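Trainee: This is the structure I want to talk about, given as structure tokens.
The values are calculated or read from the model by the stated rules, or taken from the named source; none is laboratory data. Quick caveat: nothing in here was measured; it's all calculated off a predicted structure. Cβ sites come from the backbone with ideal geometry, for glycine too, and all protein chains shown count toward neighbours. Note: areas computed on protein heavy atoms with side chains; ligands, DNA, RNA excluded. Shrake-Rupley method; radii C 1.70, N 1.55, O 1.52, S 1.80 Å.
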Amino acid sequence: MKQRITKAVRVFLPFLGTLVASVLQVCVPDSPLHPVAQRHYYNGLLAFLALTTLILAFLSFVLPKLKKNLAEKGPFYLGAGILVSLVNLVTAKLALLPVIFFPTYDNILAIFIDQHDLLLKCTWYSFRLIFLGVLWGTLTGFVTGVLLGFSKNVYYWINPYIKLIGPIPATAWIPLVLTTFPTPFGASVFIISLAVWFPVLLMTSSGIQNTSKVYFEVGKTLGAGKLYQVFRIAVPAALPSIFQGVFTGICSAFIALMTAEMFGAKYGIGWYISWQKAMMMYSGVYAGLILIAIFCTAIITALFKIRGKLLVWQKGLIKW
């Protein structure tokens, strides 16, 4: 009985978190040092979240899975609401931090409304860059990784050069690449590809080399050719390592993306952040950072879904 009451209380904790944030926002006025927001977008967002969490809390009593999820994550959402409230208190309400660098939530949210066309254009530009860069980097890293891991001759002749070039950060090549490629777009794709290429190559070759030799000997005994050994024995056995290399490469790709866009791109999230910083519009800088967080989370989550489908036997070992 006591456990049921505890669960019933915990499902309302997300609503309580939004309620705490709403009370602070409504009852404590913003510091006059901050520019006055034309519209109170943050109030509307809090009202929407409060209504949503309250509806979900009541629905959880007829949906067991939802109740379990809310009961498990309720304390975290409450803590998140308190944290957001504390940041709001320190920045917008009391102005304890420099106003120009720490704008109010209303001014940050206003960027998403007032500049949504430009933000969508920048997001699409960055998506194209990251897609092409990760695609080419993964393909070249996979091919060279398979060759290095499976062929002793390739490993002997090529590996010393890779040891020399691979560890150099991709962003260090930007000055040279920007003067070599005819367009900033092509240069940015190359930099991102380079950032992805090395970790994918390293983890692919390591995964293949760590595959038990018994599998290859059994394959030879049964008449398996080279291609069969590569694509039906070596690659499947190395898939966990390959995915690890892809995840590492994507994290490096986002760093390369932001840096490349800040140096030579005409659009993109990195370009937008750099432009807003130059204009001393830090509400736009924070909007860009939020956009990057959403962008990165969506891509990595999608990759984990793909990984879960391909590596069912490893499901649950690595969580996101």
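Trainee: Among the residues of segment 190-249, what is the count of those that are outside any helix (DSSP H, G or I) and open to solvent by 60 Å² or more (accessible area, probe 1.4 Å)?
Mentor: Of the residues in segment 190-249, 3 are outside any helix (DSSP H, G or I) and open to solvent by 60 Å² or more (accessible area, probe 1.4 Å).
Trainee: Okay, next question. Within segment 22-44, restricting attention to residues that are more than 17 Å from P103 (Cα to Cα) and of a type outside the set (S, T, Y), which residue is nearest to the chain's Cα centre (by Cα)?
Mentor: Restricting to residues being more than 17 Å from P103 (Cα to Cα) and of a type outside the set (S, T, Y), the top hit is G44.
Trainee: Between I294, I306, which is open to solvent by 70 Å² or more (accessible area, probe 1.4 Å) and modelled with pLDDT under 85?
Mentor: Details: I294 fails: modelled with pLDDT under 85.
Every option except I306 fails the conditions.
Trainee: I need a count of the residues in segment 190-209 that are modelled with pLDDT of 85 or more and more than 15 Å from G141 (Cα to Cα).
Mentor: Residues meeting the conditions: 0.
Trainee: Determine which single condition G316 fails, assuming it passes every other condition in (1) modelled with pLDDT under 85; (2) more than 25 Å from G149 (Cβ to Cβ); (3) in a helix (DSSP H, G or I).
Mentor: (3)
Trainee: Sticking with this one: Is it fair to say I273 is at pLDDT 80 or above and crowded, with 18+ Cβ neighbours inside 10 Å?
Mentor: Details: at pLDDT 80 or above: yes; crowded, with 18+ Cβ neighbours inside 10 Å: yes.
Against the criterion (at pLDDT 80 or above and crowded, with 18+ Cβ neighbours inside 10 Å), I273 qualifies.
Trainee: Considering segment 251-291 alone, what residues qualify as being touching a residue at least 60 places away in the same chain (Cβ under 8 Å) and β-branched (V, I, T)?
Mentor: Scanning segment 251-291 gives I255, T259, I269, I290.
Trainee: Sticking with this one: Could we say that L109 is at pLDDT 90 or above and in contact with a helix residue (DSSP H, G or I) (Cβ under 6 Å, 6 or more places away or on another chain) here?
Mentor: Against the criterion (at pLDDT 90 or above and in contact with a helix residue (DSSP H, G or I) (Cβ under 6 Å, 6 or more places away or on another chain)), L109 qualifies.
Trainee: Select, from L66, L96, the only residue that is without any contact (Cβ under 8 Å) to a residue 12 or more places away in the chain, of a type outside the set (K, R) and within 21 Å of L16 (Cβ to Cβ).
Mentor: L66
Trainee: If I go through segment 51-90 residue by residue, how many of them are open to solvent by 90 Å² or more (accessible area, probe 1.4 Å) and over 14 Å from A8 (Cα atoms)?
Mentor: 5
Trainee: If the Cβ limit is 6 Å and pairs must be 6+ apart or interchain, which residue in segment 177-205 that is without any contact (Cβ under 8 Å) to a residue 12 or more places away in the chain pairs with which residue that is small (G, A, S)?
Mentor: Partner pairs satisfying both residue conditions: F181/A187.
Trainee: Which residues, taken from segment 152-179, are outside any helix (DSSP H, G or I) and either modelled with pLDDT of 85 or more or over 14 Å from L201 (Cα atoms) (or both)?
Mentor: I168, P169
Trainee: Six or more apart or on different chains, Cβ under 7 Å: which pairs go from a residue in segment 49-62 that's closer than 16 Å to T18 by Cα to one that's not in a helix (DSSP H, G or I)? Could you list them?
Mentor: What qualifies is A57/V11; A57/F12.
Trainee: Could you tell me how many of the residues in segment 144-180 are open to solvent by 70 Å² or more (accessible area, probe 1.4 Å) and either touching a strand residue (DSSP E or B) at 6+ places or on another chain (Cβ under 9 Å) or among the aromatic types (F, W, Y) (or both)?
Mentor: Qualifying residue count, segment 144-180: 5.
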